[in-house]
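This report concerns only the one structure given below.
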Amino acid sequence: MKRKIITAVISLAVAFALWNYVVSVVGPEYEDTFRDVAVSVDGESILEQRGLMLVSDKTPTITLRLSGNRSDLNKLNPSNIKVAVDLSKIYDPGVKTLTPSISFPGNVASGAITVQSRNPSFVTLEIVRRQTKEIPVEIQYIGEGLSEEYVKGKADLSLEKLHIAGPENEISNIAKAIIQVELSSDTKTEITGAFDYILSDASDNPVKVKHTKVTTEDAEQISLSLPIERVVELPLVLEIIEGGGATKEHVKITPETIMVSGREELLTDLTEISLGKLDLSTMTESVDLVYEITLPEGLTNRTIPTATVKVSFENLTTRTITVSNFKVINVPRGMKATVSAHELNVTIRGEKALVNALTAEEITVQVNCADLEAGKHLVDAQIVVANANGKVGAVGPYPVVITINEN
């Protein structure tokens, strides 16, 4: 009895397997519906080469009614059925009606599936002219702004221009890409970071785009480095060598100060800006001199690039006096020095009363022989005016020939 039961169970299992095989493999065909199968688009790159592009707000889908044996139908789903349209045969813009192709995965035998119906039967796509454009990247500063003693330095952008592509009706409205940087009275150090940008029109208004794309590589964001510099007011100064009766009171610098900006550490010990050196004893006439203002590296002149130095001798008078009083100093030991000239015409400048009262006996032509060896030398003599107190002095260089011999 037990053996009969086991035999019956085995027979039933075999019968079920045979029935399942017949139904699934060799049995009659079945039908199934596959909804929302996405329609892919091929040939967009070829379309772009022709100056065209596809504009679509969403991916088209299609519903398929398919027939075949059950085992093949069971291998299918909306994601592995490929429904595609080919754009490579389109050469001009317009609304195009295309018949999609349908293919099945490789594990389904060719011809095993029959398409009973498709809904919709066609796919309608809009093709437009594709245009490209280069636009500048601009910074828009927002917020209350920096405090008075700070200014913006020169901004450094990772990209200064972007290339965009899209339909003509969108591209024509885009004039620039704007990144917004907020500044406040608390902003006192360099601003760095990666910023999103806004495609905008010429009036800085954002432009809404659906199909325009930025084609510049690595342009998801734009990196910015913006130095924030402190501003200080510094005086302009000259190293003035007084002489010829002229003093620093006869010199006027315009402007007297300039505004300078730079990093905090560069300004900490800076108290003035030097224009250079001016020797009044070599100048014979009033004159306006122009000096280029040179700053240490890393600083910016925020005023003007040059300064005017006005030298005026209007309240001084000059007089030429013949001087015969020569004095030789610092003659090397064991040597003697002889000046070839016996008289020298010296131009004296100073206040009129003092100059007119001056006599030749109060003036000495002094020749310094320090560091001179034996031989003949051309030396600039120093003109010494007794009891002048800087109010009267000689103008100009006075070269004399001196001969040094062994004594």
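Looking for something over 56 Å from the mean Cα position of the chain (by Cα), modelled with pLDDT of 90 or more and assigned to a helix (DSSP H, G or I) - is there at least one such residue anywhere in segment 54-70? Explain how you work it out, then say what you get.
The initial filter retains those residues of segment 54-70 that are over 56 Å from the mean Cα position of the chain (by Cα), namely 64-70.
When the remaining residues are screened for being modelled with pLDDT of 90 or more, the result is 64-70.
Now narrow it down to the ones that are assigned to a helix (DSSP H, G or I): 70.
Yes, segment 54-70 contains at least one residue that is over 56 Å from the mean Cα position of the chain (by Cα), modelled with pLDDT of 90 or more and assigned to a helix (DSSP H, G or I).
Within the group 286, 261, which residue is outside the structural domain of residue 398 (by TED's automatic domain parsing), surrounded by 18 or more Cβ atoms within 10 Å (Cβ to Cβ) and in contact with a Lys or Arg (Cβ under 9 Å, 6 or more places away or on another chain)? So that I can check it myself, show each step before the final result.
Details: 286 fails: surrounded by 18 or more Cβ atoms within 10 Å (Cβ to Cβ).
Result: 261 is the single residue among 286, 261 that is outside the structural domain of residue 398 (by TED's automatic domain parsing), surrounded by 18 or more Cβ atoms within 10 Å (Cβ to Cβ) and in contact with a Lys or Arg (Cβ under 9 Å, 6 or more places away or on another chain).
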Among the numbered criteria (1) part of a loop (DSSP other than H, G, I, E, B); (2) touching a residue at least 40 places away in the same chain (Cβ under 8 Å), which one does residue 400 miss? (1)
Can you spot a residue in segment 195-213 that is within 18 Å of residue 264 (Cα to Cα) and either part of a loop (DSSP other than H, G, I, E, B) or in contact with a Pro (Cβ under 8 Å, 6 or more places away or on another chain) (or both)? no
Counting only residues that are under 23 Å from the mean Cα position of the chain (by Cα) and surrounded by fewer than 17 Cβ atoms within 10 Å (Cβ to Cβ), how many does segment 204-215 have? 2
Answer from 110, 158, 147 - the residue that is farther than 18 Å from residue 212 by Cα and free of Cβ contacts under 8 Å to residues at least 24 places away in the same chain: 110
Step by step: first the residues of segment 289-298, then only those that are assigned to a strand (DSSP E or B) and surrounded by 14 or more Cβ atoms within 10 Å (Cβ to Cβ), then the one that is nearest to the chain's Cα centre (by Cα). Which residue is that? 291
In segment 342-389, anything surrounded by fewer than 15 Cβ atoms within 10 Å (Cβ to Cβ) and part of a loop (DSSP other than H, G, I, E, B) is listed as 342, 343, 351, 359, 370, 371, 373, 374, 386, 387, 389
Positions within segment 71-83 being surrounded by 14 or more Cβ atoms within 10 Å (Cβ to Cβ), touching a residue at least 40 places away in the same chain (Cβ under 8 Å) and either small (Gly, Ala, Ser) or not in a strand (DSSP E or B) (or both), in sequence order: 71, 72, 73, 76, 78, 81
Residue 251 being touching a residue at least 40 places away in the same chain (Cβ under 8 Å), hydrophobic (A, V, I, L, M, F, W, C) and under 30 Å from residue 158 (Cβ atoms): no
When the residues of segment 261-288 are filtered to those that are part of a loop (DSSP other than H, G, I, E, B) and without any contact (Cβ under 8 Å) to a residue 12 or more places away in the chain, which remaining residue is nearest to residue 151 (Cα to Cα)? 268
Does residue 357 satisfy the criteria of being more than 30 Å from residue 236 (Cα to Cα), in contact with a strand residue (DSSP E or B) (Cβ under 6 Å, 6 or more places away or on another chain) and of a type in the set (A, V, I, L, M, F, W, C)? no
Selected residue (criterion: nearest to residue 190 (Cα to Cα)) from residues of segment 241-258 that are modelled with pLDDT under 95 and part of a strand (DSSP E or B): 241
Leading residue by the ranking (modelled with the lowest pLDDT) among those in segment 152-175 that are in contact with a Lys or Arg (Cβ under 8 Å, 6 or more places away or on another chain) and either surrounded by 16 or more Cβ atoms within 10 Å (Cβ to Cβ) or charged (D, E, K, R) (or both): 168
Could you please give the count of residues in segment 110-138 that are over 35 Å from the mean Cα position of the chain (by Cα) and crowded, with 17+ Cβ neighbours inside 10 Å? 6
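The values are calculated or read from the model by the stated rules, or taken from the named source; none is laboratory data. Quick caveat, the model's predicted, so the values are computed rather than measured. In this analysis, Cβ positions are derived from the backbone assuming ideal geometry, glycine residues included, and neighbour counts consider all displayed protein chains.
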